[in-house]
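> Supplied in structure tokens, the structure appears directly below.
Rule-based calculations on the coordinates, nothing more; no lab input. These numbers come from a predicted model, not from an experiment. Neighbour counts are summed over all protein chains in view; Cβ atoms, including those assigned to glycine, are modelled from backbone coordinates with ideal geometry.
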Amino acid sequence: MPLYEHVFISRQDLSNAQAESLVEHFSTVLADNGGTVVDSEYWGVKTMAYKINKNRKGHYAFLRTNAPSGAVQEMERLMRLHDDVMRVLTIKVDEHAEGPSVQMQKRDERDNRRERR
């Protein structure tokens, strides 16, 4: 089955528990349609570069999935219909990266960046 990575932003006025329950809800949608969630991460509330639906901040969540395209399309359709979800991004990948995503790594653990001049 194809491998996907999904990031979605939900409204800032949700509680942390409600935002994490959205991850569980969409994971069950994938499971019902024959897919599996390999890994999920809740990135927390982050400030966005511009306002979306009059919101300056949003709850970010990340999913790594192994699912058929029909299951992904159904999940995206339900995300777009859900009132609490503001944006959705889905990317098809060749393989999932090991360990936590870059957002969850501490600054010290990331690859060393070039020195500024």
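> So what's the net charge close to ALA31: Lys and Arg +1, Asp and Glu -1, counting the other residues with Cβ under 13 Å from its Cβ?
-3
> Based on DSSP loop calls and a cut-off of at most 16 other Cβ atoms within 10 Å, the longest stretch of the chain free of exposed GluC sites (Glu not before Pro) is what?
Value returned for the longest uninterrupted segment is 1-94.
> Check each of the trypsin sites (Lys or Arg not before Pro) in the range 25-91 and keep only those in coil by DSSP with at most 16 other C-beta atoms within 10 angstrom; list them in order.
Here the sparse-neighbourhood loop sites are LYS54.
> Net charge near ASP83, counting Lys/Arg +1 and Asp/Glu -1 over other residues with Cβ under 15 Å of its Cβ?
Net charge around ASP83: +3.
> Hey, of [x] 0.99; [y] 1.14; [z] 1.05, which did the structure itself give for Cα Rg over 2.2 N^0.38 Å when calculated?
It is the value labelled [y].
> Further question on the same structure: Let me have the relative contact order for the chain, percent, based on Cα pairs under 8 Å that are six or more residues apart.
Numbers: 178 pairs, mean separation 45.0, N = 117.
Here the relative contact order equals 38 percent.
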